[in-house]
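K.L.:
Questions regarding the structure given below will be posed in turn.
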Amino acid sequence: MSAISFRKFTWSDVPAITTIYGHYVKETVITFETEAPSEAAMAERFGRMLDLGHPVLIAEDEGKVVGYAYASFYRPRAAYRFTCEDSIYLAPDAVGRGIGGVLLVRLLEECKLAGFRQMLAVITAERANSIRLHERHGFRMIGKYEALGFKFDRWLDIVHMQRAV
């Protein structure tokens with residue numbers, strides 16, 4: 001993983017993150033979105049996080065964006081302002097190289113600096129690799145919701161995991 005570098009998001013990353021995310025929308029149950037958002041929609045989403053001072057991180061391999069991670073409010077109400085939810089997405093050919101773990105560690109550090117105290121992971125229950133990743137980094141299972149999402153003609157469960165930042 002020596003060629004991998006990590007940095008903060010810049011606006012020039014929008015096309016790459018849109019492509020990466022679009023793959024997961026169209027091909028997987030990792031996200032419950034069913035229509036891939038446009039670059040403009042992704043830029044708006046990331047702009048809101050930047051405006052709030054929330055961390056958005058990029059992983060690059062020899063100058064090519066191969067993954068990203070971010071954390072933002074778990075819920076919009078003021079009482080939740082110290083709790084964030086993480087998201088990590090990797091280009092399909094970057095999976096299994098340890099990039100997600102590094103992004104998660106760096107994201108936790110950035111969240112602490114941003115004033116968050118708790119991080120939640122909301123994961124499709126069948127995504128054992130994501131659950132294991134979070135467990136390796138100190139998250140514990142706190143709940144499961146059954147048949148919460150419907151995608152690709154089937155009902156999907158989600159789990160919530162949590163750890164202090």
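Bear in mind these aren't lab numbers, they're just calculated from the coordinates by the rules spelled out. Fair warning: this is a prediction, and the values are worked out from it, not measured in the lab. Note: ideal-geometry Cβ built from the backbone for every residue, glycine included; neighbour counts use all protein chains shown.
K.L.:
Strictly over 25 Å apart at the Cα level, which of Lys8/Lys112; Lys26/Lys64; Lys8/Lys64 would you flag in this model?
P.N.:
Beyond 25 Å: nothing from the list.
K.L.:
Right, another one. Computed FRET efficiency, Cβ-Cβ of Leu52 and Arg117, R0 22 Å: what is it to the nearest 0.05? Let's see the in-between values first.
P.N.:
Working: r = 16 Å, r/R0 = 0.72.
Working from the Cβ atoms, E equals 0.90.
K.L.:
Run the numbers for Lys64 and Lys151: contour at 0.36 nm per residue of separation, minus the present Cα-Cα distance, in nm. Before the final figure, lay out each step's value.
P.N.:
Numbers: separation 87, 0.36 × 87 = 31.32 nm, distance 3.04 nm.
Length gained between Lys64 and Lys151: 28.3 nm.
K.L.:
Taking the Cβ-Cβ separation of Glu135 and Ala164 as r and a Förster radius of 22 Å, what is the calculated FRET efficiency to the nearest 0.05? Each step should come with its number before you reach the end.
P.N.:
Numbers: r = 15 Å, r/R0 = 0.68.
E between Glu135 and Ala164, to the nearest 0.05, is 0.90.
K.L.:
May I pose another question? Any chance you could check the Cα centroid distance between region 66-127 and region 31-51 for me, in angstrom?
P.N.:
What the calculation gives is 15 Å, centre to centre.
K.L.:
Label Arg77 and Tyr24 with points 7 Å out from Cα along Cα→Cβ: what is the distance between them in nm?
P.N.:
Between Arg77 and Tyr24, the simple spin-label model gives 2.7 nm.
K.L.:
Taking θ as phi - 60°, what are the ³J(HN,Hα) couplings along region 17-26 by the Karplus curve (6.51, -1.76, 1.60), each to the nearest whole Hz, with x for Gly and Pro?
P.N.:
Values, residue by residue: 5, 5, 5, 4, 5, x, 4, 5, 5, 7 Hz.
K.L.:
Report the net charge of residues surrounding Pro76, where surrounding means a beta-carbon distance below 13 angstrom and charges are Lys +1, Arg +1, Asp -1, Glu -1.
P.N.:
+3
K.L.:
Where Lys and Arg each count +1 and Asp and Glu each count -1, what net charge lies around His137 among other residues with Cβ under 12 Å from its Cβ? Walk me through the numbers on the way to the answer.
P.N.:
On the way: positive: Arg106, Arg132, Arg136, Arg140, Arg163; negative: Asp86, Glu109, Glu135.
Charge balance in the 12 Å sphere: +2.
K.L.:
For the chain, what does the helix formula give at 222 nm: sum of -39500 (n - 2.57) over DSSP H segments with n ≥ 4, over the residue count, nearest 500 deg cm²/dmol? Intermediate values should be presented prior to the final figure.
P.N.:
Working: 4 runs with 52 residues, N = 165.
-10000 deg cm²/dmol, from helical runs alone.
K.L.:
Quick one: Ile17, Ile142, fewest Cβ neighbours within 10 Å first, how do they rank?
P.N.:
Details: Ile17 23, Ile142 12.
Lowest to highest Cβ neighbour count: Ile142, Ile17.
K.L.:
Report relative contact order for the chain in percent, whole number only (criteria: Cα-Cα under 8 Å, sequence separation at least 6). Spell out each step's value before the answer.
P.N.:
On the way: 285 pairs, mean separation 32.1, N = 165.
Once normalised by length, the contact order is 19 percent.
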